[in-house]
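Here is the structure we will look at, set down as C-alpha coordinates.
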Amino acid sequence: MTATVPLPPSADGPTTDPGGRVELPPGTVPEDSRFANADLLPVPVARRNWTTYNFAALWVGMAHNIPSWLLASGLVTLGMDWKQAVLTIALANVIVLLPMLLTGHAGPKYGIPFPVLARASFGLRGANLPALIRAAVACAWFGIQTWIGGQGIFVLLGKVFGGWTEAARIGGQPWTLWLCFLLFWALELAIIHRGMDTLRRFENWAAPFVIVGALVLLVWITVKAGGVGPLLDQPSALGWGAEFWPVFFPSLMGMIAFWATLSLNIPDFTRFGAGQRAQIRGQALGLPTTMTLFALLSVFVTSGSQAVYGVAVWDPVELAAKTDNVFGLVFALVTVLVATVSVNIAANVVSPAYDLANLAPKLINFRTGALITGVIGVLIMPWKLTATPELYIFTWLGLVGGLLGTVAGILIADYWIVRRTVLDLAALYRPGGPYWYTRGWNPRAVVAFAVGGVLAVGGSHSAPGKGPFPEDGLIPLLRPLADYGWAVGLAASLAVYLVLTLPSGRRSAKMVTYE
(Lines give C-alpha, C1' and ligand atoms only; values in the text may rest on other atoms or scores of the structure.)
Protein backbone atom coordinates (compact mmCIF):
# COMPACT_ATOMS: atom_id res chain seq x y z
CA MET A 1 0.00 0.00 0.00
CA THR A 2 1.28 3.47 -0.89
CA ALA A 3 0.73 6.59 1.19
CA THR A 4 1.90 10.11 0.41
CA VAL A 5 2.74 12.33 3.39
CA PRO A 6 4.69 15.53 3.91
CA LEU A 7 8.39 15.02 4.57
CA PRO A 8 8.74 15.40 8.36
CA PRO A 9 11.52 17.55 9.82
CA SER A 10 14.27 15.58 11.48
CA ALA A 11 17.11 16.46 13.81
CA ASP A 12 19.22 14.03 11.82
CA GLY A 13 18.26 15.53 8.48
CA PRO A 14 20.45 17.44 6.02
CA THR A 15 22.23 20.63 7.13
CA THR A 16 22.76 23.71 4.97
CA ASP A 17 25.70 26.10 5.32
CA PRO A 18 25.47 29.88 4.69
CA GLY A 19 26.55 29.32 1.09
CA GLY A 20 23.52 27.11 0.43
CA ARG A 21 25.52 23.87 0.31
CA VAL A 22 23.59 20.89 1.63
CA GLU A 23 25.25 18.07 3.59
CA LEU A 24 23.99 14.76 4.95
CA PRO A 25 25.04 13.76 8.47
CA PRO A 26 27.33 10.70 8.55
CA GLY A 27 25.40 7.43 8.51
CA THR A 28 22.25 8.92 6.94
CA VAL A 29 22.52 6.49 4.01
CA PRO A 30 22.92 2.88 5.22
CA GLU A 31 26.21 1.26 4.25
CA ASP A 32 24.33 -1.74 2.84
CA SER A 33 22.17 0.43 0.54
CA ARG A 34 22.19 -1.05 -2.95
CA PHE A 35 22.01 2.48 -4.41
CA ALA A 36 25.16 3.89 -2.82
CA ASN A 37 28.87 3.49 -2.45
CA ALA A 38 31.64 5.83 -1.35
CA ASP A 39 32.00 7.34 -4.83
CA LEU A 40 28.30 8.11 -5.28
CA LEU A 41 27.60 9.64 -1.84
CA PRO A 42 27.58 13.46 -1.56
CA VAL A 43 30.99 15.07 -1.21
CA PRO A 44 31.33 16.51 2.34
CA VAL A 45 31.28 20.31 2.45
CA ALA A 46 34.85 20.33 3.80
CA ARG A 47 36.04 18.66 0.58
CA ARG A 48 34.15 21.03 -1.75
CA ASN A 49 37.19 23.22 -2.29
CA TRP A 50 37.63 23.73 -6.04
CA THR A 51 38.06 27.43 -6.81
CA THR A 52 37.36 29.57 -9.89
CA TYR A 53 40.92 28.92 -11.05
CA ASN A 54 40.53 25.16 -10.70
CA PHE A 55 37.43 25.15 -12.92
CA ALA A 56 38.95 27.53 -15.45
CA ALA A 57 42.13 25.44 -15.57
CA LEU A 58 40.04 22.30 -15.99
CA TRP A 59 38.39 23.79 -19.08
CA VAL A 60 41.61 25.13 -20.50
CA GLY A 61 43.14 21.69 -20.14
CA MET A 62 40.14 19.95 -21.67
CA ALA A 63 39.61 22.40 -24.55
CA HIS A 64 43.21 22.33 -25.77
CA ASN A 65 43.41 18.90 -27.36
CA ILE A 66 43.75 17.33 -30.77
CA PRO A 67 40.02 16.58 -31.37
CA SER A 68 39.22 20.21 -30.49
CA TRP A 69 41.83 21.23 -33.03
CA LEU A 70 40.26 18.88 -35.58
CA LEU A 71 36.90 20.61 -35.08
CA ALA A 72 38.19 23.97 -36.27
CA SER A 73 40.60 22.66 -38.88
CA GLY A 74 37.87 20.31 -40.14
CA LEU A 75 35.62 23.30 -40.81
CA VAL A 76 38.36 24.86 -42.92
CA THR A 77 38.71 21.57 -44.77
CA LEU A 78 34.94 21.60 -45.39
CA GLY A 79 35.26 24.95 -47.16
CA MET A 80 34.91 27.67 -44.49
CA ASP A 81 37.38 30.51 -44.16
CA TRP A 82 38.89 31.37 -40.78
CA LYS A 83 36.19 33.91 -39.88
CA GLN A 84 33.35 31.47 -40.56
CA ALA A 85 35.03 28.64 -38.66
CA VAL A 86 35.78 30.76 -35.57
CA LEU A 87 32.26 32.25 -35.59
CA THR A 88 30.72 28.77 -35.70
CA ILE A 89 32.80 27.49 -32.79
CA ALA A 90 32.45 30.62 -30.63
CA LEU A 91 28.65 30.65 -31.03
CA ALA A 92 28.39 26.92 -30.27
CA ASN A 93 30.33 27.24 -27.02
CA VAL A 94 28.34 30.22 -25.81
CA ILE A 95 25.16 28.20 -26.44
CA VAL A 96 26.37 25.02 -24.71
CA LEU A 97 27.62 27.01 -21.70
CA LEU A 98 24.02 27.68 -20.58
CA PRO A 99 22.97 24.03 -19.98
CA MET A 100 26.46 23.46 -18.55
CA LEU A 101 25.83 26.05 -15.83
CA LEU A 102 22.25 24.88 -15.21
CA THR A 103 23.11 21.22 -14.62
CA GLY A 104 26.33 22.17 -12.84
CA HIS A 105 24.33 24.00 -10.14
CA ALA A 106 23.44 20.75 -8.34
CA GLY A 107 27.13 19.92 -7.83
CA PRO A 108 28.20 22.57 -5.30
CA LYS A 109 24.76 22.63 -3.67
CA TYR A 110 24.34 18.90 -3.02
CA GLY A 111 27.77 17.39 -3.72
CA ILE A 112 26.29 14.71 -6.01
CA PRO A 113 27.53 13.32 -9.37
CA PHE A 114 25.49 13.25 -12.58
CA PRO A 115 23.96 9.74 -12.25
CA VAL A 116 22.62 10.59 -8.78
CA LEU A 117 21.16 13.89 -10.05
CA ALA A 118 19.47 11.94 -12.85
CA ARG A 119 17.65 9.84 -10.23
CA ALA A 120 15.44 12.85 -9.39
CA SER A 121 13.95 12.89 -12.89
CA PHE A 122 14.38 9.32 -14.19
CA GLY A 123 14.04 7.39 -10.90
CA LEU A 124 16.57 5.48 -8.85
CA ARG A 125 16.67 2.66 -11.39
CA GLY A 126 15.70 4.71 -14.42
CA ALA A 127 18.77 6.92 -13.97
CA ASN A 128 20.78 4.05 -15.45
CA LEU A 129 19.28 4.90 -18.87
CA PRO A 130 20.87 8.36 -19.26
CA ALA A 131 23.93 7.27 -17.27
CA LEU A 132 24.68 4.36 -19.62
CA ILE A 133 24.07 6.50 -22.71
CA ARG A 134 26.49 9.07 -21.35
CA ALA A 135 28.93 6.32 -20.39
CA ALA A 136 28.79 4.74 -23.86
CA VAL A 137 29.52 8.08 -25.49
CA ALA A 138 32.38 8.74 -23.07
CA CYS A 139 33.88 5.30 -23.71
CA ALA A 140 33.84 6.00 -27.44
CA TRP A 141 35.42 9.41 -26.88
CA PHE A 142 38.05 7.84 -24.63
CA GLY A 143 38.92 5.43 -27.42
CA ILE A 144 39.06 8.24 -30.01
CA GLN A 145 41.30 10.40 -27.85
CA THR A 146 43.57 7.51 -26.92
CA TRP A 147 43.91 6.42 -30.56
CA ILE A 148 44.73 9.97 -31.66
CA GLY A 149 47.23 10.36 -28.82
CA GLY A 150 48.87 7.02 -29.58
CA GLN A 151 48.95 7.87 -33.28
CA GLY A 152 50.63 11.18 -32.47
CA ILE A 153 53.31 9.44 -30.43
CA PHE A 154 53.81 6.92 -33.25
CA VAL A 155 54.21 9.58 -35.95
CA LEU A 156 56.52 11.83 -33.96
CA LEU A 157 58.72 9.03 -32.59
CA GLY A 158 58.89 7.66 -36.12
CA LYS A 159 60.34 10.96 -37.26
CA VAL A 160 62.85 10.99 -34.39
CA PHE A 161 64.06 7.38 -34.69
CA GLY A 162 62.94 6.40 -38.19
CA GLY A 163 61.72 3.03 -39.43
CA TRP A 164 58.61 2.83 -37.25
CA THR A 165 56.17 3.05 -40.15
CA GLU A 166 57.86 0.12 -41.90
CA ALA A 167 57.31 -2.32 -39.01
CA ALA A 168 55.37 -5.55 -39.49
CA ARG A 169 51.62 -5.05 -39.56
CA ILE A 170 48.97 -6.45 -37.24
CA GLY A 171 45.33 -5.85 -38.14
CA GLY A 172 46.36 -3.54 -40.96
CA GLN A 173 48.48 -1.27 -38.72
CA PRO A 174 52.20 -1.37 -37.82
CA TRP A 175 52.78 -3.16 -34.53
CA THR A 176 54.68 -0.10 -33.31
CA LEU A 177 51.44 1.93 -33.63
CA TRP A 178 49.57 -0.60 -31.50
CA LEU A 179 52.41 -0.42 -28.94
CA CYS A 180 52.13 3.39 -28.72
CA PHE A 181 48.35 3.10 -28.41
CA LEU A 182 48.54 0.58 -25.54
CA LEU A 183 51.30 2.44 -23.67
CA PHE A 184 49.33 5.66 -23.85
CA TRP A 185 46.18 3.82 -22.69
CA ALA A 186 48.05 2.46 -19.65
CA LEU A 187 49.46 5.89 -18.77
CA GLU A 188 45.97 7.43 -18.66
CA LEU A 189 44.53 4.75 -16.42
CA ALA A 190 47.52 4.99 -14.08
CA ILE A 191 46.89 8.71 -13.55
CA ILE A 192 43.13 8.39 -12.94
CA HIS A 193 43.79 5.52 -10.51
CA ARG A 194 45.32 8.08 -8.16
CA GLY A 195 42.01 9.95 -7.83
CA MET A 196 40.40 13.35 -8.42
CA ASP A 197 42.94 15.41 -6.44
CA THR A 198 45.71 14.16 -8.72
CA LEU A 199 43.58 15.15 -11.70
CA ARG A 200 43.06 18.66 -10.31
CA ARG A 201 46.81 19.16 -9.80
CA PHE A 202 47.60 17.78 -13.26
CA GLU A 203 45.11 20.15 -14.94
CA ASN A 204 46.57 23.16 -13.13
CA TRP A 205 49.92 22.89 -14.91
CA ALA A 206 48.84 21.07 -18.08
CA ALA A 207 46.57 23.91 -19.18
CA PRO A 208 49.24 26.63 -19.74
CA PHE A 209 51.71 24.12 -21.20
CA VAL A 210 49.34 23.15 -24.01
CA ILE A 211 48.65 26.80 -24.88
CA VAL A 212 52.40 27.36 -25.29
CA GLY A 213 52.61 24.30 -27.56
CA ALA A 214 49.83 25.57 -29.84
CA LEU A 215 51.44 29.02 -30.04
CA VAL A 216 54.78 27.46 -31.01
CA LEU A 217 53.05 25.61 -33.87
CA LEU A 218 51.43 28.87 -34.99
CA VAL A 219 54.79 30.71 -35.02
CA TRP A 220 56.40 27.88 -36.98
CA ILE A 221 53.75 27.79 -39.73
CA THR A 222 53.69 31.61 -39.89
CA VAL A 223 57.42 31.64 -40.59
CA LYS A 224 57.01 28.87 -43.19
CA ALA A 225 54.18 30.81 -44.88
CA GLY A 226 56.22 34.01 -45.00
CA GLY A 227 54.11 36.04 -42.57
CA VAL A 228 50.60 36.35 -41.17
CA GLY A 229 49.06 37.51 -44.44
CA PRO A 230 48.81 34.10 -46.15
CA LEU A 231 47.11 32.68 -43.04
CA LEU A 232 44.30 35.24 -43.31
CA ASP A 233 43.97 35.37 -47.09
CA GLN A 234 42.69 31.85 -47.71
CA PRO A 235 39.20 32.38 -49.18
CA SER A 236 35.99 30.59 -48.24
CA ALA A 237 34.86 27.94 -50.72
CA LEU A 238 31.30 28.43 -49.48
CA GLY A 239 30.82 32.20 -49.39
CA TRP A 240 27.98 33.55 -47.24
CA GLY A 241 25.16 32.48 -49.52
CA ALA A 242 23.17 29.36 -50.27
CA GLU A 243 26.18 27.03 -50.04
CA PHE A 244 27.20 28.22 -46.57
CA TRP A 245 24.07 27.57 -44.48
CA PRO A 246 23.66 23.83 -45.25
CA VAL A 247 27.20 23.40 -43.87
CA PHE A 248 26.87 25.94 -41.03
CA PHE A 249 23.86 24.53 -39.16
CA PRO A 250 24.94 20.87 -38.92
CA SER A 251 28.46 22.12 -38.09
CA LEU A 252 27.05 24.33 -35.33
CA MET A 253 25.17 21.37 -33.85
CA GLY A 254 28.32 19.28 -34.15
CA MET A 255 30.35 21.89 -32.28
CA ILE A 256 27.68 22.01 -29.53
CA ALA A 257 27.63 18.21 -29.41
CA PHE A 258 31.37 18.17 -28.76
CA TRP A 259 30.76 19.43 -25.20
CA ALA A 260 27.16 18.23 -24.87
CA THR A 261 28.63 15.29 -22.99
CA LEU A 262 29.97 17.59 -20.26
CA SER A 263 26.70 19.55 -20.14
CA LEU A 264 25.24 16.40 -18.58
CA ASN A 265 27.96 15.17 -16.27
CA ILE A 266 29.47 18.49 -15.23
CA PRO A 267 28.15 17.82 -11.67
CA ASP A 268 30.85 15.13 -11.51
CA PHE A 269 33.28 18.07 -11.21
CA THR A 270 31.19 20.89 -9.73
CA ARG A 271 30.37 18.63 -6.75
CA PHE A 272 33.87 19.55 -5.57
CA GLY A 273 33.17 23.30 -5.99
CA ALA A 274 33.57 25.77 -3.13
CA GLY A 275 30.30 27.41 -4.20
CA GLN A 276 28.12 28.47 -7.13
CA ARG A 277 30.25 31.52 -7.83
CA ALA A 278 33.36 29.37 -8.31
CA GLN A 279 31.73 27.01 -10.82
CA ILE A 280 29.90 29.77 -12.73
CA ARG A 281 32.89 32.09 -13.05
CA GLY A 282 35.33 29.26 -13.69
CA GLN A 283 33.25 27.74 -16.48
CA ALA A 284 32.32 31.07 -18.06
CA LEU A 285 35.98 32.11 -18.10
CA GLY A 286 37.27 28.71 -19.15
CA LEU A 287 34.99 27.27 -21.83
CA PRO A 288 33.89 29.80 -24.50
CA THR A 289 37.02 31.94 -24.33
CA THR A 290 39.39 28.99 -24.46
CA MET A 291 37.61 27.17 -27.27
CA THR A 292 37.44 30.36 -29.34
CA LEU A 293 41.15 31.07 -28.82
CA PHE A 294 42.05 27.50 -29.70
CA ALA A 295 39.81 27.68 -32.77
CA LEU A 296 41.68 30.79 -33.91
CA LEU A 297 45.01 29.02 -33.49
CA SER A 298 43.73 25.95 -35.32
CA VAL A 299 42.25 27.73 -38.34
CA PHE A 300 45.28 30.03 -38.67
CA VAL A 301 47.64 27.07 -38.65
CA THR A 302 45.44 25.06 -41.03
CA SER A 303 45.13 28.04 -43.39
CA GLY A 304 48.91 28.43 -43.18
CA SER A 305 49.38 24.78 -44.11
CA GLN A 306 47.20 25.36 -47.16
CA ALA A 307 49.38 28.31 -48.16
CA VAL A 308 52.62 26.37 -47.60
CA TYR A 309 51.73 22.89 -48.87
CA GLY A 310 48.85 23.63 -51.25
CA VAL A 311 46.41 21.54 -49.21
CA ALA A 312 44.82 22.07 -45.79
CA VAL A 313 46.50 19.72 -43.28
CA TRP A 314 43.79 19.33 -40.65
CA ASP A 315 45.75 17.01 -38.32
CA PRO A 316 48.26 18.92 -36.14
CA VAL A 317 50.35 15.79 -35.57
CA GLU A 318 50.72 15.24 -39.31
CA LEU A 319 51.63 18.90 -39.70
CA ALA A 320 54.19 18.85 -36.86
CA ALA A 321 55.77 15.75 -38.38
CA LYS A 322 56.71 17.78 -41.46
CA THR A 323 59.53 19.47 -39.55
CA ASP A 324 63.01 17.93 -39.48
CA ASN A 325 64.01 19.67 -36.24
CA VAL A 326 64.50 17.04 -33.53
CA PHE A 327 63.85 19.50 -30.68
CA GLY A 328 60.63 20.62 -32.38
CA LEU A 329 59.51 17.03 -32.81
CA VAL A 330 60.19 16.17 -29.15
CA PHE A 331 58.38 19.31 -27.99
CA ALA A 332 55.41 18.44 -30.20
CA LEU A 333 55.44 14.90 -28.80
CA VAL A 334 55.28 16.13 -25.18
CA THR A 335 52.53 18.61 -26.09
CA VAL A 336 50.45 15.85 -27.69
CA LEU A 337 50.89 13.68 -24.59
CA VAL A 338 49.91 16.41 -22.12
CA ALA A 339 47.00 17.72 -24.21
CA THR A 340 45.44 14.33 -24.81
CA VAL A 341 45.89 13.01 -21.27
CA SER A 342 44.46 16.25 -19.90
CA VAL A 343 41.15 16.10 -21.75
CA ASN A 344 40.74 12.35 -21.95
CA ILE A 345 40.94 11.68 -18.24
CA ALA A 346 38.79 14.64 -17.22
CA ALA A 347 36.12 14.41 -19.91
CA ASN A 348 36.00 10.72 -20.78
CA VAL A 349 37.03 8.63 -17.77
CA VAL A 350 35.56 10.45 -14.77
CA SER A 351 31.98 10.38 -16.10
CA PRO A 352 31.66 6.71 -17.16
CA ALA A 353 33.45 5.64 -13.98
CA TYR A 354 30.63 7.24 -11.93
CA ASP A 355 27.97 6.09 -14.41
CA LEU A 356 29.07 2.46 -14.28
CA ALA A 357 29.34 2.64 -10.49
CA ASN A 358 25.70 3.81 -10.46
CA LEU A 359 24.72 0.67 -12.40
CA ALA A 360 26.01 -1.69 -9.69
CA PRO A 361 27.33 0.28 -6.68
CA LYS A 362 28.23 -2.83 -4.69
CA LEU A 363 30.28 -4.36 -7.52
CA ILE A 364 31.77 -1.34 -9.32
CA ASN A 365 33.62 1.53 -7.68
CA PHE A 366 35.20 4.54 -9.36
CA ARG A 367 38.49 2.82 -10.19
CA THR A 368 36.78 -0.32 -11.54
CA GLY A 369 34.52 1.85 -13.69
CA ALA A 370 37.58 3.64 -15.09
CA LEU A 371 39.16 0.30 -16.06
CA ILE A 372 35.95 -0.85 -17.78
CA THR A 373 35.89 2.45 -19.67
CA GLY A 374 39.41 1.85 -20.87
CA VAL A 375 38.59 -1.64 -22.16
CA ILE A 376 35.42 -0.55 -23.98
CA GLY A 377 37.30 2.41 -25.48
CA VAL A 378 39.58 -0.05 -27.25
CA LEU A 379 36.78 -2.37 -28.40
CA ILE A 380 34.83 0.31 -30.29
CA MET A 381 37.65 0.63 -32.89
CA PRO A 382 38.03 4.42 -32.57
CA TRP A 383 40.19 4.81 -35.68
CA LYS A 384 37.07 4.48 -37.83
CA LEU A 385 35.21 7.42 -36.28
CA THR A 386 37.83 10.03 -37.23
CA ALA A 387 38.47 8.79 -40.76
CA THR A 388 37.02 11.92 -42.46
CA PRO A 389 35.72 15.37 -41.34
CA GLU A 390 32.25 14.44 -42.61
CA LEU A 391 32.07 11.26 -40.51
CA TYR A 392 33.60 12.96 -37.45
CA ILE A 393 31.56 16.20 -37.43
CA PHE A 394 28.26 15.32 -39.10
CA THR A 395 27.66 11.63 -38.37
CA TRP A 396 29.35 10.99 -35.01
CA LEU A 397 28.90 14.38 -33.34
CA GLY A 398 25.43 14.89 -34.84
CA LEU A 399 24.12 11.59 -33.48
CA VAL A 400 25.74 12.09 -30.08
CA GLY A 401 24.44 15.65 -29.80
CA GLY A 402 20.84 14.66 -30.49
CA LEU A 403 20.75 12.00 -27.78
CA LEU A 404 22.60 14.02 -25.15
CA GLY A 405 20.51 17.12 -25.80
CA THR A 406 17.42 15.01 -25.12
CA VAL A 407 18.73 13.98 -21.70
CA ALA A 408 19.78 17.55 -20.88
CA GLY A 409 16.26 18.83 -21.59
CA ILE A 410 14.75 16.44 -19.04
CA LEU A 411 17.36 17.20 -16.36
CA ILE A 412 16.92 20.96 -16.71
CA ALA A 413 13.12 20.77 -16.78
CA ASP A 414 12.98 18.62 -13.64
CA TYR A 415 15.65 20.34 -11.55
CA TRP A 416 14.94 23.98 -12.41
CA ILE A 417 11.24 24.18 -13.37
CA VAL A 418 9.54 21.30 -11.53
CA ARG A 419 11.66 21.17 -8.35
CA ARG A 420 13.14 24.69 -8.43
CA THR A 421 16.53 23.24 -7.38
CA VAL A 422 15.08 21.66 -4.18
CA LEU A 423 15.98 17.97 -3.78
CA ASP A 424 15.46 15.48 -0.96
CA LEU A 425 19.12 14.50 -0.76
CA ALA A 426 18.74 11.37 1.38
CA ALA A 427 15.88 10.07 -0.81
CA LEU A 428 18.19 9.98 -3.82
CA TYR A 429 19.75 6.89 -2.23
CA ARG A 430 16.64 5.18 -0.80
CA PRO A 431 13.96 3.13 -2.55
CA GLY A 432 10.37 3.90 -1.66
CA GLY A 433 10.77 7.69 -1.58
CA PRO A 434 9.76 10.49 -3.94
CA TYR A 435 12.21 9.34 -6.62
CA TRP A 436 11.05 5.71 -6.66
CA TYR A 437 8.13 6.43 -9.04
CA THR A 438 7.06 3.07 -10.59
CA ARG A 439 9.46 0.36 -9.42
CA GLY A 440 12.32 2.82 -9.65
CA TRP A 441 11.43 4.23 -13.09
CA ASN A 442 9.73 7.52 -13.98
CA PRO A 443 7.55 6.75 -17.05
CA ARG A 444 7.21 10.47 -17.85
CA ALA A 445 10.96 10.85 -18.27
CA VAL A 446 11.17 7.71 -20.42
CA VAL A 447 8.39 8.98 -22.73
CA ALA A 448 10.01 12.42 -22.98
CA PHE A 449 13.36 10.81 -23.79
CA ALA A 450 11.82 8.58 -26.48
CA VAL A 451 9.98 11.45 -28.17
CA GLY A 452 12.95 13.82 -28.03
CA GLY A 453 15.39 11.13 -29.17
CA VAL A 454 13.34 10.11 -32.21
CA LEU A 455 12.84 13.72 -33.29
CA ALA A 456 16.53 14.55 -32.77
CA VAL A 457 18.20 11.62 -34.53
CA GLY A 458 15.43 10.00 -36.57
CA GLY A 459 16.35 12.04 -39.63
CA SER A 460 20.09 11.28 -39.45
CA HIS A 461 21.51 11.02 -42.95
CA SER A 462 24.83 10.89 -44.77
CA ALA A 463 26.12 12.28 -48.01
CA PRO A 464 26.53 9.58 -50.69
CA GLY A 465 29.44 7.38 -49.68
CA LYS A 466 30.29 9.58 -46.67
CA GLY A 467 28.67 7.71 -43.77
CA PRO A 468 26.51 4.83 -42.49
CA PHE A 469 23.05 6.45 -42.81
CA PRO A 470 20.69 6.50 -45.82
CA GLU A 471 20.94 9.65 -47.93
CA ASP A 472 17.28 10.49 -47.28
CA GLY A 473 17.55 9.79 -43.53
CA LEU A 474 16.62 6.94 -41.19
CA ILE A 475 13.09 8.38 -41.07
CA PRO A 476 12.76 10.51 -44.24
CA LEU A 477 9.95 12.63 -42.75
CA LEU A 478 12.31 13.82 -39.99
CA ARG A 479 15.26 14.55 -42.26
CA PRO A 480 14.79 18.38 -42.07
CA LEU A 481 15.30 18.19 -38.27
CA ALA A 482 18.57 16.24 -38.44
CA ASP A 483 20.77 19.31 -38.90
CA TYR A 484 19.45 20.72 -35.60
CA GLY A 485 19.62 17.49 -33.56
CA TRP A 486 20.92 18.85 -30.25
CA ALA A 487 18.49 21.79 -30.15
CA VAL A 488 15.54 19.65 -31.28
CA GLY A 489 16.29 16.95 -28.69
CA LEU A 490 16.67 19.41 -25.82
CA ALA A 491 13.57 21.49 -26.66
CA ALA A 492 11.33 18.49 -27.41
CA SER A 493 12.21 16.47 -24.32
CA LEU A 494 11.95 19.53 -22.06
CA ALA A 495 8.50 20.41 -23.42
CA VAL A 496 7.15 16.85 -23.30
CA TYR A 497 8.43 16.31 -19.75
CA LEU A 498 6.81 19.51 -18.51
CA VAL A 499 3.48 18.73 -20.20
CA LEU A 500 3.43 15.28 -18.58
CA THR A 501 4.65 16.46 -15.15
CA LEU A 502 3.13 19.87 -14.40
CA PRO A 503 1.19 21.05 -12.49
CA SER A 504 1.18 18.05 -10.13
CA GLY A 505 4.96 17.77 -10.20
CA ARG A 506 5.65 20.77 -7.96
CA ARG A 507 3.32 19.47 -5.27
CA SER A 508 4.75 15.94 -5.36
CA ALA A 509 8.29 17.33 -5.25
CA LYS A 510 7.64 18.33 -1.64
CA MET A 511 6.21 14.95 -0.63
CA VAL A 512 7.75 11.62 0.24
CA THR A 513 6.20 8.33 -0.82
CA TYR A 514 6.52 5.30 1.48
CA GLU A 515 5.65 1.76 0.40
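The values are calculated or read from the model by the stated rules, or taken from the named source; none is laboratory data. All of these numbers come straight from a predicted model, not from anything done at the bench. Don't worry about glycine lacking a Cβ; one is built from the backbone with ideal geometry, like all the others, and counts go over all protein chains shown.
Listed values, structure above:
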| quantity | calculated |
| --- | --- |
| Subset of the stretch 51-75 [modelled with pLDDT of 75 or more and β-branched (Val, Ile, Thr)] | 51, 52, 60 |
| Total residues in the stretch 46-82, condition of a type in the set (D, E, K, R) and outside any loop (DSSP other than H, G, I, E, B) | 1 |
| Verdict on residue 174 being surrounded by fewer than 21 Cβ atoms within 10 Å (Cβ to Cβ), farther than 30 Å from residue 267 by Cβ and at pLDDT 80 or above | yes |
| Count of residues meeting criterion [under 19 Å from residue 435 (Cα atoms) and surrounded by 24 or more Cβ atoms within 10 Å (Cβ to Cβ)] in the stretch 127-142 | 3 |
| Residue that is surrounded by the most Cβ atoms within 10 Å (Cβ to Cβ), among those in the stretch 267-292 that are among the charged types (D, E, K, R) and in a helix (DSSP H, G or I) | 268 |
| Criterion (among the β-branched types (Val, Ile, Thr), modelled with pLDDT under 75 and on the phi < 0 side of the Ramachandran plot) met by exactly one of 336, 341, 301, 349 | 336 |
| Residue satisfying all of: in the stretch 108-126; part of a helix (DSSP H, G or I) and of a type outside the set (A, V, I, L, M, F, W, C); farthest from residue 437 (Cα to Cα) among these | 108 |
| Checking residue 194 against (1) at pLDDT below 80; (2) buried (at least 24 other Cβ atoms within 10 Å of the Cβ); (3) part of a loop (DSSP other than H, G, I, E, B), the condition it does not meet | (2) |
| Any pair with Cβ under 8 angstrom, 6 or more apart, that starts in the stretch 8-20 at a residue that is on the phi > 0 side of the Ramachandran plot and surrounded by 11 or more Cβ atoms within 10 Å (Cβ to Cβ) and ends at one that is modelled with pLDDT of 55 or more and part of a loop (DSSP other than H, G, I, E, B) | 20/275 |
| Any hit, the stretch 90-101, residues being within 29 Å of residue 381 (Cβ to Cβ) and buried (at least 24 other Cβ atoms within 10 Å of the Cβ) | yes |
| Any hit, the stretch 268-288, residues being acidic (Asp, Glu), over 30 Å from residue 20 (Cα atoms), in contact with a helix residue (DSSP H, G or I) (Cβ under 8 Å, 6 or more places away or on another chain) and in contact (Cβ under 8 Å) with a residue 12 or more places away in the chain | no |
| Cβ pairs under 6 Å, 6+ apart, first in the stretch 146-163 and closer than 8 Å to residue 177 by Cα, second in a helix (DSSP H, G or I) and of a type in the set (A, V, I, L, M, F, W, C) | 150/180; 150/181; 150/184; 154/177; 154/180 |
| Unique match (being over 24 Å from residue 338 (Cα atoms) and not hydrophobic (A, V, I, L, M, F, W, C)) among 171, 74 | 171 |
| Unmet requirement for residue 17, which otherwise passes all of (1) at pLDDT below 80; (2) under 30 Å from residue 86 (Cβ atoms); (3) not small (Gly, Ala, Ser) | (2) |
| Residue match in the stretch 59-72 (condition: among the aromatic types (Phe, Trp, Tyr), touching a Pro at 6+ places or on another chain (Cβ under 8 Å) and crowded, with 20+ Cβ neighbours inside 10 Å) | yes |
